[in-house]
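Everything below concerns the one structure shown next.
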Amino acid sequence: MARKNYQDKSIRSNADLMTHLRNHGSAQHGAGHWLWQRLTSLVLMGLMIWFTFALFEIRDAKQNMIVVWMAQPLNTGLLIATIGLGFVHAVLGMQVVIDDYIHHTSLRWFLRLSLYGVFGFLGLFVVLALLRVSALVTVFQAAQAG
């Protein structure tokens, strides 16, 4: 039984077609990638709602009060989660763009590694900065109380 609409004339049966199609396209990791993009976007929607209300809460505060607000453990954790998931979501989206539109293999790998490196460095920098602010405020508050 020959496939009439398929361009490759060497494919004669369904088994030949399956052998030819195996390990091609997004069937290897596309579904998981799609799911992670959707999950990060759902969690980010909830975190953005929290962040919007938090900004309204501190909109008239002075800088030192905002730093104290940031140093509260719940707020520090939620800020880290928001920024971290935002970076993960951005990397997932950019990875799809790179994979879909960059056809030269070595350039695609270079761009993906650059993407991971830049976002990994920025994510680590932001997390360490938030943790440092939190630690400094905690030490300052303990010194004033004691």
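Bear in mind that the values in this text are calculations on the coordinates, not laboratory data. All values reported here derive from a predicted model rather than from experimental measurement. As a convention, Cβ positions derive from the backbone with ideal geometry for all residues, glycine included, and neighbour counts pool all protein chains shown.
Below, the figures for the structure above:
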| item | result |
| --- | --- |
| Modelled FRET efficiency - R0 41 Å, Met94 with Gln144, Cβ distances, 0.05 increments | 0.40 |
| Theoretical FRET efficiency, 1/(1+(r/R0)^6), r = Cβ-Cβ of Thr105 and Leu35, R0 22 Å, to 0.05 | 0.30 |
| Whole-Hz ³J(HN,Hα) from phi, Karplus 6.51 cos²θ - 1.76 cosθ + 1.60, for the range 84-100, glycine and proline x | x, 5, x, 5, 4, 5, 5, 5, 4, x, 5, 4, 5, 4, 4, 5, 7 |
